[in-house]
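Report on one structure; see the data block that follows.
The values are calculated or read from the model by the stated rules, or taken from the named source; none is laboratory data. It should be emphasised that the depicted structure is a prediction, and the values quoted were computed from it without experimental measurement. Note: ideal-geometry Cβ built from the backbone for every residue, glycine included; neighbour counts use all protein chains shown. The protein model used for the area step is the full one, side chains on, heavy atoms only, and it has no ligands, DNA or RNA in it. Shrake-Rupley method; radii C 1.70, N 1.55, O 1.52, S 1.80 Å.
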Amino acid sequence: MSSRGLNLGCRQRCKEGVLKILSKIPEELRSLINKLHKQALAENLKVYLVGGFVRDLILRVKNLDLDIVIEGDGIKFAERFAMPFGVKLTAHRQFGTATVLLKSGLKVDFSSARKESYPKPAHLPIVSYGLLRDDLFRRDFTINAMAISLSDGSLVDYFDGRGDLVNKKIRVLHDLSFKDDPTRILRAVRFEQRYDFNIEPKTLKLLKEAGKLKMLEKVHPHRMRDELILVLKEGNPLKEIRRIKQLAGFKFIHPNLNVSVKTYSYFKSLEKEVKWFNKNYPQRRSLDTWLIYLMGLLDSLNAGAIRNVCEKFGLRKGEKKRLSSYKQITHKFIVDLSNSKVKPSRIFASLEPLSYETIISLRAKYNNPVFKRHIADFLEIYNGMRIFVSGNDLHGLGLVPGPQYQKIFAQVLNAKLNGEVKDKREELSLIRELLNKRHPILRG
Ligand code: CTP
């Protein structure tokens, strides 16, 4: 046990503190924790709340994800817990872990207390059953390596995580931590920036050493992708991006990636535009903001390099599409949409195929007020515009259903966007005009 290990006097005091904080969490969580407590007593098992939930509980930060460690079979415990809720659990037998997703949306992760050894740096560890202390010792930072006993509510804090929370310090548990698991470089920055803490000097030295050894480039890219996405999902990720650049760099994404002052200023505009969108269009689907920030981060790369990053990171089809469509925007597109005389139908045709994420990235990139206004007009007016005529109306005009229906609707919509028709009568008269002129869209 470390010299900063648990002392029983503190254990009693901590217990009272923990019970007091637990009494203040939302009722639904408290009742879940109560159930876990009763099950632990009934089965005579040592069961603990661990990790981020304990950290955030002490910090009084909202966290709804319960992380449970059992000295024993975690999956069996999870199965018995899930049964009365009538929900299924997802188990990963090779790791001894299970997740129970409750109907309310609350998530409980269970695992058997584990010991880890790393056969090679930056590779996945070999895992075996262990005691709580082994399980806490394999973790990233002292602030994430505390547990609360579900038998009696006491805080188990072998590495003085609480002291580090009080002193706002990010501290690894041992010298090989970043070499064993270099994703912790990004995690250290994330927690440091999120809570406004400091990476303490020795941890910082170890982190920089791992950075110099290019340890991030040795991790499987899919693990790096997951950690990077978590960074980009933080409130204002620019702080994290600056700090990662300063401490370890971004070559793990692509050797040509150049994160510079230009990137930072683009990020600032992106943060502003994301706020603008969320404030003005709360009813629209929520943005994948991490993808917007990824577009920002990858801005210095060409289309081919971006495709390579997508492949390497195993991004999904829709994600790849959004990232590449941003890169395919031409100079002409920007010039056209920056012209105050451009017709609304043209604005609609240009922006409608693009995702909100791409549109926001463009608004952040091109600071032309006309261009920005056209994007706002698209989102506010054009995107929701509907026409009155229907298939029945076209049928009534003697048109046989077929592909020309869609073309006629598009033509009517264009006229409506441009203010050339206003109501159903004018829409029908436009269609009659097209019919009389035997307009080419009526052919097949
Ligand atoms: N953990 C670790 N090393 C990692 C990832 C996770 O030691 N590379 C441990 C930490 O103890 C962490 C716990 O696993 O607290 C759960 O991981 P995760 O859910 O990713 O992190 P949280 O601490 O819950 O952080 P967040 O608030 O960002 O969800």
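Quick notes on this structure:
- Label-to-label distance, nm, for residues given as Ser429 and Ser151 (7 Å Cα→Cβ offset): 8.6 nm
- Heavy-atom accessible area ranking, 1.4 Å probe, most first, across Thr289, Thr263: Thr289, Thr263
- Using the Cα coordinates of segment 135-236, the gyration tensor eigenvalues translate into equivalent-ellipsoid semi-axes of 24, 15, 14 Å, sorted from longest to shortest.
- For the chain, convex hull volume per residue from C-alpha positions, Å³: 193 Å³
- In this structure the chain gives 51 Å² per residue of accessible area when probed at 1.4 Å with all protein chains present.
- About the Cα centre, charge dipole magnitude for the chain (Lys/Arg +1, Asp/Glu -1 at Cβ), debye: 960 debye
- Of Met146, Met83, the residue with the largest accessible area leads and the full order is Met83, Met146 (1.4 Å probe).
- With Cα atoms defining each centre, segment 69-108 and segment 253-329 are spaced 36 Å apart in the structure.
- Annotation for segment 65-94: trypsin sites (Lys or Arg not before Pro) lying in DSSP loop with at most 15 further Cβ atoms inside 10 Å of their Cβ are Lys88, Arg93.
- Partner aspartates and glutamates for Lys437 [C-alpha distance under 17 Å; skip if fewer than 8 residues away on the same chain]: Glu426, Glu427
- Signed unit charges on C-beta, dipole axis of the chain, positive-most listed residue His374, Val400, Ser154: His374
- Note on the chain: GNM, Cα springs under 10 Å; of Ser429, Ser128, Ser265, the largest mean-square fluctuation is that of Ser429.
- One chain, two ends: Ile381 and Val61. Fully extended at 0.36 nm per residue, the span grows by 111.2 nm beyond their Cα-Cα distance.
- Gaussian network model of the chain, springs between alpha carbon atoms under 10 Å - residue of Asn418, Asn302, Asn144 with greatest fluctuation: Asn418
- Between Leu136, Leu397, Leu315, the GNM of the chain built on Cα springs shorter than 10 angstrom shows Leu397 fluctuating the most.
- Debye log10 I(q)/I(0) for segment 391-442, one point scatterer per Cα, at q = 0.25 Å⁻¹: -1.02
- Of all aspartates and glutamates in the structure, those lying under 14 Å Cα to Cα from Lys214, and not within fewer than 8 positions of it along the same chain, are Asp180, Asp181.
- Listed pairs Lys239/Lys279; Lys343/Lys424; Lys202/Lys262; Lys38/Lys169; Lys24/Lys272 exceeding 24 Å between Cα atoms: Lys202/Lys262; Lys38/Lys169; Lys24/Lys272
- Here the label points at Phe85 and Glu420, each 7 Å from Cα along the C-beta direction, are separated by 5.8 nm in the simple model.
- Computed accessible area, Arg223, all protein chains, 1.4 angstrom probe, square angstrom: 70 Å²
- Ranking His374, His222 by solvent-accessible area of protein heavy atoms (1.4 Å probe, all protein chains present), from largest to smallest, gives His222, His374.
- Around Leu323: net Lys/Arg minus Asp/Glu count, Cβ-Cβ under 10 Å: +3
- Label point distance in nm, Asn34-Leu399, each placed 7 Å from Cα along Cα→Cβ: 6.4 nm
- Residue-averaged [θ]222 nm for the chain, counting only DSSP H segments that reach four residues, each worth -39500 (n - 2.57): -15500 deg cm²/dmol
- Counting only DSSP beta bridges with both residues in the chain, the antiparallel share comes to about 75 percent.
- Charge context of Ala147, other residues only, Cβ under 9 angstrom, K/R +1, D/E -1: -2
- Unsatisfied cross-links (Cα-Cα over 23 Å) in the set Lys341/Lys407; Lys321/Lys407; Lys120/Lys205: Lys341/Lys407; Lys321/Lys407
- Label zone of Arg93 (point 7 Å out along Cα→Cβ, amide N under 14 Å): in segment 61-82 this covers 75-76.
- Calculated Rg and Dmax of segment 145-188 using C-alpha coordinates, Å: 12.7, 36
- Taking the protein heavy atoms of segment 391-442 in the context of the full set of protein chains, the accessible area attributed to carbon and sulfur is 52 percent at 1.4 Å.
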